[in-house]
1. Filter segment 399-437 down to the residues that are assigned to a strand (DSSP E or B), more than 33 Å from the chain's Cα centre (by Cα) and either over 14 Å from residue 386 (Cβ atoms) or acidic (Asp, Glu) (or both) and list them by number.
2. For segment 458-491: of the residues being at pLDDT 85 or above, part of a loop (DSSP other than H, G, I, E, B) and under 21 Å from the mean Cα position of the chain (by Cα), which is farthest from residue 395 (Cα to Cα)?
3. Go over the candidates 359, 332, 325 one by one and state the one that is over 30 Å from residue 235 (Cβ atoms) and acidic (Asp, Glu).
4. Condition first: assigned to a loop (DSSP other than H, G, I, E, B) and within 17 Å of residue 242 (Cα to Cα). Now tell me which residues in segment 281-297 satisfy that.
5. Kindly indicate which of 400, 347 is surrounded by 17 or more Cβ atoms within 10 Å (Cβ to Cβ) and farther than 23 Å from residue 487 by Cβ.
6. With the structure loaded, tell me whether residue 136 is surrounded by 21 or more Cβ atoms within 10 Å (Cβ to Cβ), modelled with pLDDT of 95 or more and of a type in the set (Ser, Thr, Tyr) or whether it fails that test.
7. Would you confirm whether any residue within segment 353-374 is modelled with pLDDT under 85, surrounded by fewer than 17 Cβ atoms within 10 Å (Cβ to Cβ), closer than 16 Å to residue 414 by Cα and out of contact with any strand residue (DSSP E or B) (no Cβ under 7 Å at 6 or more places or on another chain)?
8. Mind telling me which of the residues 197, 153, 172 ends up being surrounded by 17 or more Cβ atoms within 10 Å (Cβ to Cβ), at pLDDT 90 or above and farther than 18 Å from residue 122 by Cβ?
Amino acid sequence: MINSNRARSFLKLPLVLAMGAAGLAAQQASAHGYIESPKSRSMLCGQPGGYINTNCGNIAYEPQSAEYIGRPNEGGIKHFPSDAQACTGDFTQCGPANGTIAAGGLMRFSEINEQSATRWVKNTIKPGPQTFTWKYTAGHATRYWQFYITKKDWNPNQPLTRDSFELKPLLDQPWPALDTPAPAQGTTQHTVNIPSDRSGYHVLLATWKVHDTDATFYSVIDLNIDNGTTIPSSWNTVGAVQPEALSLGDKVKTRVFNAQNELSAKQVVLNIDSAELTKADVWPHALAKMVNNAKLGYQMGVLNDKDEVVPNYGRNEILVKKGSDIVNVIIDKEQAAKPGELSITGMQPEYTLKDGKVDLHFNAIAKGGDYTIKATVFNAKGESVAFQQAPAGNTPHFSMTLNGQAPGKYDLTVVATSKKGELLQQSASFTLKQEESSGGGETPGNYDYVFPQGLKSYKGGTVVLQPKDGNTYTCKTGAVAGWCTQWTAGSNAYEPGVGHAWQAAWDRN
């Protein structure tokens, strides 16, 4: 065990900083980060890594947010050990429960805790000094970084636990000045010595301990360590099969290409004609068996230690022998026709007129095609009193103002029309009531912005309307006011009324 209270001794290795933005206050509390190079498991789940890891859940949108908060039972997951104190030690002393290490102990990222020999895409590296890069989406005062590797005899088909790892870190590296933040929108590089006695699949755990809170960020990297003892492969990868749930009646086809043309004679078609084949991890295995038995010059599966291609349940590589004229194989899914779906979110049953007008904010969500979406408001007489056609896209946000309308019953009708002529319709009824002559509190018409408009202008006392629930929220004053501006579509922890930590930044009116 490492004693966090003793004087720390560190390897004297260079720390190279790539500064992205200067002058960030040390008390900034919305720091996030992940290992960018070699690509971490969470990065490979999302846009930065090309969505190569699939079926990852929410971590695909927030690879930077696998954060152990340092408080017991955060996110409904019991911490390790089961005490009632905040976690101030390192990974060996406290932190995420065994089996939840990859997700930083957060239940909302639990999919990334899944562990097997073939579940995750691996980075091939050599033993010896290797550079690992932390990527930061916001800065934070820092204590240290630590890197741990799995034991020689670890079992890759069991959940990651502390017993999976060597508890002496490969690198234990401090930040030079505790009162200086790590670089916002930047990177730090760390030289880690990969042991020469490791070969094949191993997991590297990188932890980043911040200084001004009890938080620690976790990032796991799946490695294939090539130490020269493995058989040189005779295969080249020319594609991949990504697992996803399908439906009865779907078809999956291979499309095979050389440098000049598509080779139609080498196509294989799998009909999804049973409930079993619709499962995300089953049909790739069935397709791989069909392809491999057909002996068409390409194979599907994973390579074993004898350099043989073995069909896999889940993701499969598409491989050809070195020297093959096949340069690419893609998977084409022909999905059976499905009826479209349309829903309306964010509408409230009642609105209060303010100076004779009211603003409606809502979302229309169309699934199953490419739609043009229109919205119309009707009064009790059947007269249309407002109309709006959304810009292109299947999930538009509508903002409609009703002027000069009387109190009473109204209907919102949303119509979506596909390019093929399919029509979907949904309606929502609501009531307009007269503004009361007196009374406190905010009303839906009394706000500074409709969230997230004007995001960078938010400060203590700013009032926003959240169109997703129709409520108004006031940004708290003091040091936490800066959190009100911390929002992106992929990182919404402080989004009023929605994010898991919104109450730290906002008050509902």
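The values are calculated or read from the model by the stated rules, or taken from the named source; none is laboratory data. All of these numbers come straight from a predicted model, not from anything done at the bench. As a convention, Cβ positions derive from the backbone with ideal geometry for all residues, glycine included, and neighbour counts pool all protein chains shown.
1. Let us first name the residues in segment 399-437 that are assigned to a strand (DSSP E or B), namely 399-403, 408-418, 423-433.
Keeping just the survivors that are more than 33 Å from the chain's Cα centre (by Cα) gives 401-403, 408-413, 429-433.
Selection gives 408, 409, 411, 429, 431, 433.
2. 486
3. Details: 332 fails: over 30 Å from residue 235 (Cβ atoms); 325 fails: over 30 Å from residue 235 (Cβ atoms).
That would be 359, the only listed residue that is over 30 Å from residue 235 (Cβ atoms) and acidic (Asp, Glu).
4. Passing the criteria: 281, 282.
5. Values: 347 fails: farther than 23 Å from residue 487 by Cβ.
Every option except 400 fails the conditions.
6. Values: surrounded by 21 or more Cβ atoms within 10 Å (Cβ to Cβ): yes; modelled with pLDDT of 95 or more: no; of a type in the set (Ser, Thr, Tyr): yes.
Here the answer is no, as residue 136 does not meet what is asked.
7. No, segment 353-374 has no match at all.
8. Working: 197 fails: surrounded by 17 or more Cβ atoms within 10 Å (Cβ to Cβ); 153 fails: surrounded by 17 or more Cβ atoms within 10 Å (Cβ to Cβ).
Residue meeting the stated conditions: 172.
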